[in-house]
Amino acid sequence: MSEIVMTNAKGKTEETVVPGRRRFLASSAVAGLAGASLSLGLAGCNKGSSDAAPAAGAASAASGADPQANIKWDKYEVHPGKLDTYYSFSSGGHSGDLRIHGLPSGREIRRVPVFNVDCMSGWGITNESRAIIGTKPNGQLNYNTGDTHHVHLSYTDGVYDGKHLFVNDKLNGRIARVKLDTMECDAITQLPNVQGFHGIFPDKRDPVDEKINYTTRVFCGSEFHIPHPNDGRDINDPSKYSCLFTCVDAVTMQPRYQVKIDGNMDLVATSYDGKLACSNQYNTENGVHYEEMMSAERDSCIFFNVARIEEAVKAGKFTHIGDSKVPVVDGTKASNTDPKTALVVYVPVPKNPHGVNASPDGKYYACSGKLSPTATLIEHDLVLKWFDGGLKDPRDTVVAEPEIGLGPLHTGFDGKGFIYTTLFLDSQIVKWDLEAAKKAYQGDKNAKVVVDRIDVHYQPGHGFTSMGETAQPDGQYFISDNKFSKDRYLPVGPLHPDSSQLIDISGEKMLLVADHPLYPEPHDSIVVRRDIIKTRQIYDLNEFPLATKSVKDNRVERNGKKVTVHLTSQAPAYGLREWTVKKGDEVTIILTNLDKVEDLTHGFGIPNYNISFVVHPQQTQSVTFIADKPGVFWCYCLNFCHALHLEMRSRMLVEA
Ligand code: K7E
Ligand code: CUA
Ligand code: CA
């Protein structure tokens, strides 16, 4: 690779700004972000304010001042036995799971398996979880991998209602729903004809029916363009590839309709009035190699007119792709030139944007430049005005486009007029003033757009504020989820943790107040006030048709070669001390936990049969397997439950 020359927003080379720091960036981050071509990408910036001052944090570090000197640490301490103020729900990236942390402590409280197989809980092992994940005719799981990126809760009146969480699987194109009362996944749906399902966002109210002020749909983008259907046709003709935007019914979890578009979709956001959904597009070029994907100076932020799309579906203006029954409407550019009938509008924004977020007042969308040092603010009402025929050029929906720093990716709002954007290349968070950015865009040279910067460690991806994706942002915290942690934690070999940094944004200056290592690799999170989440600790036996409701009902039933063991657990014993089956039998064990005590979870493991799972108080779970190995097998409790936990076992006797 030839020598890399990075220019900052003012056209200076990076070395003249902050020497040591930029050298590190030049060697690692730039290599990862399209290498030598990056300088081309940065040339795309133009309009708007350019008061992108040299890094404030880096400057003070260079002058020796300790930015932590005046921090009152008490505020962020959660003492033993005390509870956190917030839940944070995080995707787990290519671990395929979902994480729940407490904030401000950063303590990991729970992992929820979703697309991964998990031997702690038995997710992917029990019949119940396998039915949700889906199995092939031969009984194997459809998938045992996944890649979760974005998590969002269901809404009522623009605020989290604590009912459901939705999370995407970028790897295998699936959407999952998690019940927030038990924090367990209850549905997984494959999106048809979609690859690289990345952005996901629930709606916040109905676009047509004013009375429906809660989430009934979830919108899903797709990042990779493919032939439709992707059955071997057109594999060598990328001009025939395209992407589908999918609307999934939040209740049935079935796709309602899809929109075929030009270019691709990365992140997704929705409006607060239900009228729009949008997605940033970095590959409007329909490129297949990265050079092609970054060849245009501008890409787009695409806006979907939800009500019009639903009318088109109702009116039968759709086609089908392959075997899929899901209606597909036409959102391509050529078919959507007349604003009065358009289903979508493509708003040009600078080069390869990443991340689009709706402001909590419902008025704006912030789309980050990534390969342009700008962020673009698009006004909600102006997008609607375009759809009404009142604006000629989609670009006229843009109300600000300040230069904020290098590699802007994700954005959070504090509800006080400030916007916080992660700068991947600068390894900083920049705080900028929304109204000042608008003024600067109108030509006011004195508008002070960037009001603060802080170093993070290192290369932040996602950033988000407490309650910032709702109509009730509280302006307390910003989390910077950093892709590299380098030297921040004790070294543990080549695999470094990701680094989540807690920033207090309640004052004028941002304060970095905590580092939390994360098992790779969370992308997006949301920070939710704890009063919103109402969990339950004990199941109801009546929810489980297979439950064994009394100790007296423990039994073994045989039907030909099929054996069903109806078993209970109650500390410190299972309801049967032993049972006998024959080699070759198909055995189903249905285990009901009769304990009614909070936190009293039992486990069940069968040695050498590759089976382990847990049952929570009053829950029933089952497993099915072929008893292919004769002998004595001590089925034992895996989850420490009682002083006699080690003695909690039964024998499965398999006759030869
Ligand atoms: Cu990592 Cu939201 Cu998947 Cu950006 S995405 S960083
Ligand atoms: Cu039951 Cu340990
Ligand atoms: Ca592009």
Problem set entry | Residue check, LYS260 open to solvent by 30 Å² or more (accessible area, probe 1.4 Å) and either assigned to a loop (DSSP other than H, G, I, E, B) or within 16 Å of ligand 2 (Cβ to nearest atom) (or both) | no
Exercise. Any residue at all in region 323-341 that is within 16 Å of ligand 1 (Cβ to nearest atom), within 27 Å of LEU191 (Cα to Cα), in a strand (DSSP E or B) and within 28 Å of the chain's Cα centre (by Cα)?
Worked result: no
Exercise. Picking from ASN286, ASN352, which residue would you name as being part of a loop (DSSP other than H, G, I, E, B), within 16 Å of ligand 1 (Cβ to nearest atom) and either crowded, with 24+ Cβ neighbours inside 10 Å or in contact (Cβ under 8 Å) with a residue 40 or more places away in the chain (or both)?
Worked result: ASN352
Seminar exercise, completed: For LEU141, the lone unmet condition from (1) open to solvent by 20 Å² or more (accessible area, probe 1.4 Å); (2) within 18 Å of THR252 (Cα to Cα); (3) of a type in the set (A, V, I, L, M) is (2)
Seminar exercise, completed: Filtering region 163-178 down to residues that are open to solvent by 10 Å² or more (accessible area, probe 1.4 Å) and not hydrophobic (A, V, I, L, M, F, W, C) yields LYS163, HIS164, LYS170, ASN172, ARG177
For this session: Scan the strands (runs of 3 or more DSSP E) fully inside region 536-600 and keep the ones with 3 or more residues being under 16 Å from ARG649 (Cα atoms) and within 16 Å of ligand 2 (Cβ to nearest atom).
Result: 562-570, 586-593
For this session: Filter region 414-425 down to residues that are open to solvent by less than 10 Å² (accessible area, probe 1.4 Å) and either touching a Leu at 6+ places or on another chain (Cβ under 8 Å) or farther than 11 Å from ALA375 by Cβ (or both), then give me how many there are.
Result: 6
Exercise. Mind checking whether some residue in region 308-322 is of a type in the set (Phe, Trp, Tyr), more than 26 Å from the chain's Cα centre (by Cα) and away from ligand 1 (no atom under 16 Å from the Cβ)?
Worked result: yes
For this session: Examine region 297-314 for a residue that is more than 16 Å from ligand 3 (Cβ to nearest atom) and among the hydroxyl-bearing types (Ser, Thr, Tyr), and state whether such a residue exists.
Result: no
Problem set entry | strands (runs of 3 or more DSSP E) fully within region 447-532 counting 3 or more residues that are farther than 19 Å from SER90 by Cα | 450-455, 511-518
Exercise. What tally of residues in region 365-379 results from selecting those that are open to solvent by 10 Å² or more (accessible area, probe 1.4 Å) and either in contact (Cβ under 8 Å) with a residue 24 or more places away in the chain or at positive phi (or both)?
Worked result: 1
Seminar exercise, completed: When restricted to ARG130, ARG177, ARG111, the only residue within 28 Å of LEU267 (Cα to Cα), without any contact (Cβ under 8 Å) to a residue 24 or more places away in the chain and either part of a loop (DSSP other than H, G, I, E, B) or not hydroxyl-bearing (Ser, Thr, Tyr) (or both) is ARG111
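The values are calculated or read from the model by the stated rules, or taken from the named source; none is laboratory data. In this text the structure is predicted, and so the values were computed from the model without any measurement. Every residue, glycine as well, gets a Cβ built from its backbone with ideal geometry; the counts of neighbours run over all protein chains shown. For the accessible areas, the whole protein counts, side chains as well, though only heavy atoms, and no ligand, DNA or RNA atoms are used. Shrake-Rupley method; radii C 1.70, N 1.55, O 1.52, S 1.80 Å.
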